[in-house]
Amino acid sequence: MRVAIGSDHGGFMLKQEIKKFLEQEKVAYHDYGTLSQESCDYPDIALAVAEAVTGRDCTCGILICGTGIGVSIVANKVPGIRAALCHDTFSARMARAHNNANVLAFGERVIGSGLATEIVRVWLDSEFAGGRHGRRVDKIGAVERRFGRTGE
Ligand code: RB5
């Protein structure tokens, strides 16, 4: 497993905490920026992480901004990305089990590092349930194709 991680300035400090956690857990990652707390544009970072996942450079992605909303909106524009905005562990588990989310998003201005770390742990440890959920996830791909976009 290799995680693509990225944040804008609003999520930079929390990203540093999450990277520490990934290192402790011996989970490989690549940081797609930003590299400081200087103001930047979240769409640039979200696109880089999303493309790393769809291009198979990384298995999955973690995106952080102030609220998590901007990065999740952008990531979900990329065909094949299913980004889940999660601020609790139940949502994180379900995002994987029912939606097979390949990107996790949250906001540094919404939750603390303790909860964010648990959300990451649960999301990484959870598995897609398949079955009827597979049919539904396939229909997400069908929506993309209907609008001329092709994902995985
Ligand atoms: C940056 O100020 C903030 O707008 C951004 O981090 C994010 O919350 C956008 O959705």
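The values are calculated or read from the model by the stated rules, or taken from the named source; none is laboratory data. From a predicted model like this one, the values you see are computed outputs, not experimental measurements. Backbone-built Cβ (ideal geometry, glycine too); neighbour counts: all protein chains shown. These area figures cover heavy atoms from the full protein model, side chains too; ligands, DNA and RNA do not enter into them. Shrake-Rupley method; radii C 1.70, N 1.55, O 1.52, S 1.80 Å.
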Pull up the range 1-26, narrow it to residues that are more than 15 Å from the chain's Cα centre (by Cα) and not in a helix (DSSP H, G or I), then point me to the one that is nearest to the ligand (Cβ to nearest atom). GLU25
Just need a number here: residues in the range 33-49 that are in a loop (DSSP other than H, G, I, E, B) and either open to solvent by 60 Å² or more (accessible area, probe 1.4 Å) or within 10 Å of the ligand (Cβ to nearest atom) (or both). 6
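Report, by residue number, each residue of the range 68-108 that is within 16 Å of the ligand (Cβ to nearest atom) and either within 15 Å of HIS133 (Cβ to Cβ) or not aliphatic (A, V, I, L, M) (or both). Lay out the reasoning, then the answer.
Taking the range 68-108 first, the residues within 16 Å of the ligand (Cβ to nearest atom) are 68-77, 83-87, 103-108.
Hits for the range 68-108 are GLY68, GLY70, SER72, ASN76, LYS77, ALA84, CYS86, HIS87, PHE106, GLY107, GLU108.
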Within the range 120-137, which residues are without any contact (Cβ under 8 Å) to a residue 60 or more places away in the chain and under 11 Å from the mean Cα position of the chain (by Cα)? TRP123
Output the residues belonging to the range 113-137 that are away from the ligand (no atom under 16 Å from the Cβ) and small (Gly, Ala, Ser). SER113, GLY114, SER126, ALA129, GLY130, GLY131, GLY134
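Looking at ALA92, ALA75, can you tell me which residue is over 17 Å from GLY6 (Cβ atoms) and buried (at least 19 other Cβ atoms within 10 Å of the Cβ)? Please lay out each step first, then the result.
Values: ALA75 fails: over 17 Å from GLY6 (Cβ atoms).
Result of the check over ALA92, ALA75: ALA92.
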Members of the range 50-67 found to be open to solvent by less than 50 Å² (accessible area, probe 1.4 Å), away from the ligand (no atom under 14 Å from the Cβ) and not in a loop (DSSP other than H, G, I, E, B), listed by number: ALA50, ALA52, VAL53, CYS60, GLY61, ILE62
Assuming GLY107 fulfils every condition listed in (1) crowded, with 24+ Cβ neighbours inside 10 Å; (2) within 17 Å of GLU118 (Cα to Cα) apart from one, which condition is it? (1)
Apart from one, (1) open to solvent by 40 Å² or more (accessible area, probe 1.4 Å); (2) under 23 Å from GLY10 (Cβ atoms); (3) of a type in the set (S, T, N, Q) all hold for ASN102; the odd one out is (1)
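Here is a list: VAL143, VAL110. Which entry is more than 23 Å from ARG2 (Cβ to Cβ), β-branched (Val, Ile, Thr) and not in a helix (DSSP H, G or I)? Please lay out each step first, then the result.
Details: VAL143 fails: not in a helix (DSSP H, G or I).
Checking each option against the conditions leaves just VAL110.
Would you confirm, using the coordinates I've provided, whether PHE90 is assigned to a loop (DSSP other than H, G, I, E, B) and without any contact (Cβ under 8 Å) to a residue 60 or more places away in the chain?
Values: assigned to a loop (DSSP other than H, G, I, E, B): no; without any contact (Cβ under 8 Å) to a residue 60 or more places away in the chain: yes.
Taking the combined requirement at face value, the residue does not satisfy it.
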